[in-house]
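> Quick one: the structure is below, and I'll ask about it shortly.
The values are calculated or read from the model by the stated rules, or taken from the named source; none is laboratory data. The structure displayed is predicted, hence computed values, not measured ones. Here the Cβ is made from the backbone with ideal geometry for all residues, glycine too, and neighbour counts use every protein chain on show.
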């Protein structure tokens, strides 16, 4: 009996195997998922069409019916392309799984949680199976990356643009950033990188800096604007706006502007976002508020009237205090030298204070006596321009001051104009009069005539 046991077991094994073959489903008449044979292929939220219809023969054909083996009707992506004609990859750049015919590396052929039959619950999760390093653990993620919406920027199968992008350069970015696109239509100045590729300034997936910038604004901007970088580095007097907070973007728009040089607003309105209130510099120097520069009803200094703060100031930093482009005395009294008034003589003729006599250089004349020369051109205690004139604007013609700081005292000027001259009664001398047509003698008291001119008392 013991000798017969091996033969009995062999016979039983052969009968069992034969019975299994004989009892397998007849695929010609039954659905493959019946009797729970392939029920797991139905266990999906979204089913592939043939699976949902039980039409397994749409993709599979029997290879050996008794052995219950099958083969695919076509190999690789050719099988998928037979039905999914609209998804057929035709671009010059193919996704590697598509190029390799490996549709099933991304898609489940029977069903999935999404209508694309992805092997992961989201596009982002699926892409990260291969593209693990796109964020490089950086802090600030691009919106589509954070949302896992890789297909917002990339085609899944093929594209005519490198990296499977849906569009090229700036055209890709403005498909979402429509406000930037709208602004470009009315812009007077456009940042050069915006004419081509936004990636010159921005990272596409993630960055350690806000707005996916490649560096902090102060560093990023000067990577191209090297002459400004040198100006900032060499400046004896720094403009804090170019380095603090948003740095360059305190004053400039990053993409485009309706104002020249990408300014946020026309000057001086842009300057007033900071200089409408008193400030203190890093070295503790006070900077007074200058809201008068926006007052159109005042007598404005020429550069202010033209909206050109840069006419007198070096906006990124410079070698002269108060960020002035050239020297200009800070004090009430100043021993005269032409070079001390370099800023004024950029626009005004030097003869204004060099010629003692004139018929046309200035309206501040008593006959031919040039009163600018008289006040300014002194070896000691020459009056600087600020002694009588407001730098930016005032209530009077030629922006003559109401008062002028003198130590801790505000000296009144009491300027009273006439048609051909005027008078002042400042805290520094007695009331004095001048007239361009009828000179006022020293010590005389002028009397206004019916035409509005003034003549010394007793003169006709």
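> With the structure loaded, tell me whether residue 325 is loosely packed, with under 15 Cβ neighbours inside 10 Å, without any contact (Cβ under 8 Å) to a residue 24 or more places away in the chain and in contact with a strand residue (DSSP E or B) (Cβ under 9 Å, 6 or more places away or on another chain) or whether it fails that test.
It is false that residue 325 is loosely packed, with under 15 Cβ neighbours inside 10 Å, without any contact (Cβ under 8 Å) to a residue 24 or more places away in the chain and in contact with a strand residue (DSSP E or B) (Cβ under 9 Å, 6 or more places away or on another chain).
> What residue, among those in segment 166-194 that are assigned to a helix (DSSP H, G or I) and more than 16 Å from the chain's Cα centre (by Cα), is surrounded by the fewest Cβ atoms within 10 Å (Cβ to Cβ)?
Ranking the candidates gives 185 first.
> Also, quick follow-up: Kindly establish whether residue 57 is within 27 Å of residue 158 (Cβ to Cβ) and touching a helix residue (DSSP H, G or I) at 6+ places or on another chain (Cβ under 9 Å).
no
> Considering only residues that are within 21 Å of residue 289 (Cα to Cα), assigned to a helix (DSSP H, G or I) and within 17 Å of the chain's Cα centre (by Cα), which ones fall in segment 249-272?
Within segment 249-272, 250 is the sole residue that qualifies.
> Which of the residues spanning segment 305-319 are crowded, with 18+ Cβ neighbours inside 10 Å, out of contact with any helix residue (DSSP H, G or I) (no Cβ under 6 Å at 6 or more places or on another chain) and farther than 19 Å from residue 394 by Cα?
Once the filter is applied, which keeps residues that are crowded, with 18+ Cβ neighbours inside 10 Å, out of contact with any helix residue (DSSP H, G or I) (no Cβ under 6 Å at 6 or more places or on another chain) and farther than 19 Å from residue 394 by Cα, segment 305-319 yields 315, 318.
> Can you find even one residue in segment 324-341 that is in contact with a helix residue (DSSP H, G or I) (Cβ under 8 Å, 6 or more places away or on another chain) and part of a helix (DSSP H, G or I)?
yes
> Then there is this: Out of the residues in segment 212-247 meeting the condition of being part of a loop (DSSP other than H, G, I, E, B) and touching a residue at least 40 places away in the same chain (Cβ under 8 Å), tell me which one is surrounded by the fewest Cβ atoms within 10 Å (Cβ to Cβ).
Within segment 212-247, the subset part of a loop (DSSP other than H, G, I, E, B) is 214-216, 223-225, 235-236, 239, 243-246.
Narrowing the set further to residues that are touching a residue at least 40 places away in the same chain (Cβ under 8 Å) leaves 235-236, 239.
On the way: 235: 16, 236: 9, 239: 21.
Result: 236.
> Still on this structure, please answer the following. Residue 372 passes all but one of (1) at pLDDT below 95; (2) touching a helix residue (DSSP H, G or I) at 6+ places or on another chain (Cβ under 6 Å); which number fails?
Just one mismatch for residue 372, condition (1).
> Can you name every residue in segment 127-154 that is surrounded by 19 or more Cβ atoms within 10 Å (Cβ to Cβ) and either in a loop (DSSP other than H, G, I, E, B) or touching a helix residue (DSSP H, G or I) at 6+ places or on another chain (Cβ under 7 Å) (or both)?
Selection gives 127, 142, 150, 153, 154.
> Let me ask something else. Return yes or no: is residue 263 over 27 Å from residue 230 (Cβ atoms) and either touching a residue at least 12 places away in the same chain (Cβ under 8 Å) or surrounded by fewer than 14 Cβ atoms within 10 Å (Cβ to Cβ) (or both)?
no
> All but one of (1) at pLDDT 95 or above; (2) under 30 Å from residue 438 (Cα atoms); (3) buried (at least 18 other Cβ atoms within 10 Å of the Cβ); (4) touching a strand residue (DSSP E or B) at 6+ places or on another chain (Cβ under 7 Å) hold for residue 343; state the number of the condition that does not hold.
So the condition that residue 343 fails would be (2).
> For segment 346-392, which residues satisfy the criterion of being assigned to a loop (DSSP other than H, G, I, E, B), touching a strand residue (DSSP E or B) at 6+ places or on another chain (Cβ under 9 Å) and under 23 Å from residue 300 (Cα atoms)?
Once the filter is applied, which keeps residues that are assigned to a loop (DSSP other than H, G, I, E, B), touching a strand residue (DSSP E or B) at 6+ places or on another chain (Cβ under 9 Å) and under 23 Å from residue 300 (Cα atoms), segment 346-392 yields 361, 362, 363, 364, 384, 388, 390, 392.
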